[in-house]
Structures are given as C-alpha cells and as structure tokens.
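Here's the structure we're looking at; comments come further down.
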Amino acid sequence: MRYVIVSLVKGDAGEFNHNLRKDVFKKFKARSSKLPAHFTIKSPFESENIDELESALDEFSKAHTYENYHIKDYDHFDDRVIFMKVFMSPKGKDVHDALIDALSGINYINFEKSDGKDKIFHVTISSKKIQKIYSELWSYVNKFKCDFKCDFDNICIYKWIDNTWVLHKEYLLT
C-alpha cells in the first residue's frame, strides 16, 4: 500500500490554497496534488503494515505541543512548481525535526534531502506540467496577497486508494 505523511494547512490559509488551486486549474488547466492544502512530512512510500508508524505518531502527538508558522508570499522550484512560502517558527522546526528523528528508526521510512530535516517547507499551488505556462501562471498567482499565521498542530497519514489520497489517520498535537 502507498502512503504519505503530511501536516494539513487548515483555516484561512488552507481555504485560500484550495480556492487558488481551483482558480488556477479553471483558468490555466494547471493541476496540483490530490491532497488538501499541506506541507509534506514524508513523501510517498510503500508498506504493507504501518502499525509501527501509527504507534510512533500516536506517541509523538501525545508528547509534543503544537507550534506556529507563517505562510507569506510565493516562490517556485525552477519552472516546475509554484508554492506558498512557509516560514516555520524555531520551535515548530524543533518539533518537525524531532518528528523526523522519531520516524527515522522505522525501516520503511527513508528520508531524502527533499523531505528530511533540511526540506524547503512549502504549500504547493501548481506542480503538474506547468513549464509552458509558467510565466503567465507566476504573474497571475502573484496578484493575490498571501499572508497567514498557521499552527503546526496535526500529522496526517494518507493512503492511495482508487487513484486518490484518502485520509487514513490524523494525529493532533496538543
């Protein structure tokens, strides 16, 4: 089975991302992830049994409190991905890094540079074959003010079922 671990972006920032992604798809046919607004904790991986992961996340969520972060403005990875910039608070980064440490001992969880402690935190707007429309899309997205205070208060496991991501379990940081 295929899984991904993310933290959902909720509230005004999540709604803004959802609506902007819909708008960009409608105007430019530019697609994005099938996941709701989020930043990735662990990119997709395969496992037949995630009991150890569920136990680790349950334990982690009970031992850690939520922290804040700021979403402000936009950035991009070359002409391939346009995203909302995430500025994780120092305490939020500490929680994130402790989470990476907690999950690193699980044999089917292997972190790459792009999803480990040194990742570039971001919330994607568009990432599917946008090179030909990148400049126009970049100009369009930048017309909208992006400035949100958010909480890193959840860790979610999504499972790939019937060609889409379905929430498997959410863990709340207290």
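The numbers here are math on the coordinates, done by the rules we state, and not lab data. On a predicted model such as this, the values are computed, not experimentally measured, just so you know. Backbone-built Cβ (ideal geometry, glycine too); neighbour counts: all protein chains shown.
Out of all the residues in segment 22-34, which are in a helix (DSSP H, G or I) and surrounded by fewer than 19 Cβ atoms within 10 Å (Cβ to Cβ)? So that I can check it myself, show each step before the final result.
We begin by selecting, within segment 22-34, every residue in a helix (DSSP H, G or I); these are 22-28.
Those that are in a helix (DSSP H, G or I) and surrounded by fewer than 19 Cβ atoms within 10 Å (Cβ to Cβ): Lys22, Asp23, Phe25, Lys26, Lys27, Phe28.
Of all residues being among the hydroxyl-bearing types (Ser, Thr, Tyr) and not in a strand (DSSP E or B) in segment 35-77, which is surrounded by the most Cβ atoms within 10 Å (Cβ to Cβ)? Just the residue, please. If you could, list the steps in order and put the result at the bottom.
First, the residues of segment 35-77 that are among the hydroxyl-bearing types (Ser, Thr, Tyr): 40, 43, 47, 55, 61, 65-66, 69, 74.
Adding the requirement that they be not in a strand (DSSP E or B) leaves 47, 55, 61, 65-66.
Values: Ser47: 15, Ser55: 11, Ser61: 19, Thr65: 11, Tyr66: 16.
By that ranking, first place goes to Ser61.
Just checking, which of Ile82, Ile157 is touching a strand residue (DSSP E or B) at 6+ places or on another chain (Cβ under 7 Å), closer than 22 Å to Gly11 by Cβ and without any contact (Cβ under 8 Å) to a residue 60 or more places away in the chain? Show your work before the answer.
Values: Ile157 fails: without any contact (Cβ under 8 Å) to a residue 60 or more places away in the chain.
None of the other options fit; the residue is Ile82.
When you go through Ile106, Ile120, Ile125, Ile130 one by one, which is the residue that is more than 20 Å from Phe83 (Cα to Cα) and out of contact with any Cys (no Cβ under 6 Å at 6 or more places or on another chain)?
Only one candidate qualifies: Ile106.
Where the second residue is β-branched (Val, Ile, Thr) and the first is in contact (Cβ under 8 Å) with a residue 40 or more places away in the chain and lies in segment 46-66, which pairs have Cβ atoms under 6 Å and are six or more apart or on separate chains?
Glu52/Ile106; Leu53/Ile106; Leu57/Ile155; His64/Val95; Thr65/Thr174
Consider Asp115 carefully, then state whether it is within 15 Å of the chain's Cα centre (by Cα), surrounded by fewer than 18 Cβ atoms within 10 Å (Cβ to Cβ) and either part of a loop (DSSP other than H, G, I, E, B) or touching a residue at least 40 places away in the same chain (Cβ under 8 Å) (or both).
Numbers: within 15 Å of the chain's Cα centre (by Cα): yes; surrounded by fewer than 18 Cβ atoms within 10 Å (Cβ to Cβ): no; either part of a loop (DSSP other than H, G, I, E, B) or touching a residue at least 40 places away in the same chain (Cβ under 8 Å) (or both): yes.
It is false that Asp115 is within 15 Å of the chain's Cα centre (by Cα), surrounded by fewer than 18 Cβ atoms within 10 Å (Cβ to Cβ) and either part of a loop (DSSP other than H, G, I, E, B) or touching a residue at least 40 places away in the same chain (Cβ under 8 Å) (or both).
Report every pair of residues separated by at least 6 positions or lying on different chains whose Cβ atoms are under 7 Å apart, first residue within segment 30-45 and more than 24 Å from Asp97 (Cα to Cα), second aromatic (Phe, Trp, Tyr) and assigned to a strand (DSSP E or B).
Filtered contacts from segment 30-45: Lys34/Trp165.
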